[in-house]
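Structure first, commentary second.
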Amino acid sequence: MKKLFGRGMSLRRRLMVGILVPVTIVVVINAVSLYLQALEAADTAYDRTLLATAKSIGEMLEVSGSGTGARLNSTMLYSALEPFEADNRSRLYYKVTGFNGEMVSGFEDLPAWHGKVPLKGPYAALVDFYDDSYRGDPVRMAVLLQPVAGTDGLGMATIQVAETLELRRTLAQQLLTNTLLRQLGLIAVIALVVVIVVQRATLPVRRLSGELARRPEGELAPITAADAPRELLPLIDATNQVMARLQLLLEHQKRFVRDAAHQLRTPLAVLKTQVQSALRNDIAADDALREINQTVDRATQLANQMLSLAKIEQLRQQGDAPVVDWATIVRAVALDLSALIADHQLDFEIDTRPAPVRSHEWALQELSRNLLHNAIKHSPAGGSLAVRLANDGHTATLTISDSGPGISDDQRQRLFQPFAAGDVRSGSGLGLTICKEIVESLQGMIALENRMRGGRVEGLDASVRLLIAA
């Protein structure tokens, strides 16, 4: 079966093999059954002739004598059997045995009968049919127990009639040939119908294959197949979904390459200018090294953030993420940034509740670190900074409240856009973009809201909501 349905076999061939092989097996079984039935019918017909021959012989028997001296006599001549011979291809032999088993007439060397008459035979006569051999040839034997009565006596004669099988074999071969020819014709008709039906059924598949093969490289537009059968629609829909995901990946890759080429050009140009200025001794060596170090730090930060954006897309394609405790990650991030918090002399407060969410640990670390780092950066020295993680049983909400100047309406519109800062000296502008991408990949929500008191901005609340893992 594996050979019939190999990996490289086309759909048309699979359908044809899958239909024609079972049909052929059924037809062959049917042909054998018809042949056996026809052969049985032929045997029944020829056995009837043998019985008629035996009865004709029995009609030519008479009894002489009486009592224990009764004897069976036959006036049968062999020439009388000629009307029962269908043609010259078969021969008839007979043998008549008397009341006491004595030979009466016929062929004495014909094998004696040692069987018994069946209780329910096909004919209203005491007859038994069986296969035997005579003079080296297979024969069909009929044994008739014929009651014979005369004026002086009564007895039971045994009449044996044998017929060679040439005619039966010829008829059987003819029946077999005719049956096979009809069945082969039937198989040919079925094969033709199957080929036509399979060709028409697979036409949409071949059209779809041709359309995909003719597409230019990089073409990922959805497949449109209006005439496709219903069985192909799930495959087409799944293919379109895969192509849509590939389109997103390609667009993300193109955007990443474009942004990387554009954004890295500026710090590299600044770095080259600083190196040339140092080589010309325009500024002191220590000052030049400090400026170069700052430029390298900003370029490194930019490169790391762009790699983080690329990694978010990779995690998005990995499917189901593990369940992690967001509270543990938030406290670990706060501990890592504790030196920066102390350097700004901030009044820091943290309150977390266990919050199991489905996410990769790196994504939650990056999200929490960027939000907390921004809050520290924009809080004035000696200000306050609060981190709260709540869990209401359905959603986990992380709120980071700083004491900075807040954001304007114009900033609110573009802060989540890549490179919104616009100046590599004040930041790459990718921190909030990374946060937004992470939250969207986790099917959550992120918001930045000014915290007001007495009509003035008291600070900024950055809040993120994620679903609690089941």
Inset, instruction - Would you mind calculating the gained length between VAL21 and ARG230 on full extension (0.36 nm times residue separation, minus the Cα-Cα distance), in nm to one decimal? - result: 72.6 nm
Inset, instruction - Kindly provide the pair-distance distribution of region 134-181 built from C-alpha pairs, with 5 Å bins from 0 and whole-percent values in order of increasing distance. - result: 5, 17, 13, 14, 12, 11, 10, 8, 5, 3, 2, 1, 0
Inset, instruction - Would you please put 10-18, 274-282 in order of how densely packed they are, using the mean number of other Cβ atoms within 10 angstrom per residue and starting with the highest? - result: 10-18, 274-282
Legend entry - Calculated from backbone phi, Karplus (6.51, -1.76, 1.60) coupling profile of region 269-276 in Hz, x at Gly/Pro: 5, 4, 4, 5, 5, 5, 5, 5
Inset, instruction - Given the peptides 390-398, 137-145, arrange them by the average over their residues of other C-beta atoms within 10 Å, most packed first. - result: 137-145, 390-398
Legend entry - Sorted by Cβ density within 10 Å, fewest first, the residues ARG298, ARG453: ARG453, ARG298
Inset, instruction - Work out the length of the dipole vector of region 320-467 about its Cα centre, built from +1 on the beta-carbon of each Lys and Arg and -1 on the beta-carbon of each Asp and Glu, and round it to the nearest 20 debye. - result: 180
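Rank these for me by crowding, TYR130, TYR94, going from fewest to most other beta carbons within 10 Å. Could the numbers behind the result be given before it?
Values: TYR130 11, TYR94 25.
Lowest to highest Cβ neighbour count: TYR130, TYR94.
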Legend entry - Packing-based ranking, highest mean first, of 167-173, 49-55 given that Cβ atoms within 10 Å are counted: 49-55, 167-173
Inset, instruction - Pairs of Cα atoms under 8 Å, at least six residues apart: use those to get the relative contact order of region 148-253, whole percent. - result: 17
Legend entry - Hydrodynamic radius (Kirkwood) for region 320-467, which is based on Cα pairs only, to one decimal in Å: 15.6
Legend entry - Whole-angstrom gap from region 235-254 to region 136-178, using each part's C-alpha centre: 83
Legend entry - region 352-408 pair-distance distribution - Cα-Cα, 10 Å bins, rounded %: 21, 46, 27, 6
Legend entry - Total charge dipole magnitude, region 179-228, about the Cα centre, Cβ charges on Lys, Arg, Asp, Glu only, Debye to nearest 20: 260
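No value in this document is a laboratory result; all are computed from the given coordinates. These numbers come from a predicted model, not from an experiment. Using ideal geometry, Cβ is built from the backbone for each residue, glycine included, and neighbour counts are taken over all protein chains shown.
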